[in-house]
Amino acid sequence: MTNHDDREPELRDWSRQLTQALQILDLQVDRNLLLDLAAESSAVSPSAGPISTFVVGYAAGLAAATGEKNATAAVETAAAVARQICATSTPRTGWVDTAQ
């Protein structure tokens, strides 16, 4: 796991401001989990990080909304799936190693 201490105060404030604005008052954002997921996903493609964290959040929201899991568990489960996919995916390098 990566150390994100140098950005912690501003990310904590941003997370709190965003969750309040979106009226998700009971969510504790695991910033390190999401930042690590974004970094790992970026190995697949530079833009995969933001997309991965969005999809994880969406999946977690669906699971929490249906009562399947609480918000924290839903995020952890969805992130674990995304990280597994990252671990087994190969980076895309354009046309290299294709029959094109």
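The values are calculated or read from the model by the stated rules, or taken from the named source; none is laboratory data. These numbers were taken from a predicted model, which means no experiment stands behind them. A quick note on method: Cβ atoms are made from the backbone with ideal geometry, for glycine too, and the neighbour counts reach across all protein chains shown. The protein model used for the area step is the full one, side chains on, heavy atoms only, and it has no ligands, DNA or RNA in it. Shrake-Rupley method; radii C 1.70, N 1.55, O 1.52, S 1.80 Å.
Specify which residue in the list T66, L27, T77 is farthest towards the positive end of the charge dipole of the chain, using unit charges on the beta carbon of Lys, Arg (+1) and Asp, Glu (-1), about the Cα centre.
Among T66, L27, T77, the one farthest towards the positive end of the dipole of the chain is T66.
Magnitude of the Cβ-charge dipole of the chain, K/R +1 and D/E -1, about the Cα centre, nearest 20 debye? List each step's numbers first, then the result.
Details: 7 positive and 12 negative charges, 48 e Å.
The dipole magnitude comes to about 220 debye.
With no solvent and one equal point scatterer placed on each C-alpha of the chain, evaluate the Debye formula and give log10 I(q)/I(0) for q = 0.23 Å⁻¹, two decimals.
-1.27
Using a 1.4 angstrom probe on heavy atoms only, work out the carbon and sulfur share of the accessible area of the chain in %.
Numbers: 4130 of 7180 Å².
Roughly 58 percent of what the probe reaches on the chain is carbon or sulfur.
Counting only C-alpha contacts under 8 Å and six or more residues apart, can you give the relative contact order of the chain as a whole percent?
On the way: 73 pairs, mean separation 24.2, N = 100.
Result for the chain is 24 percent.
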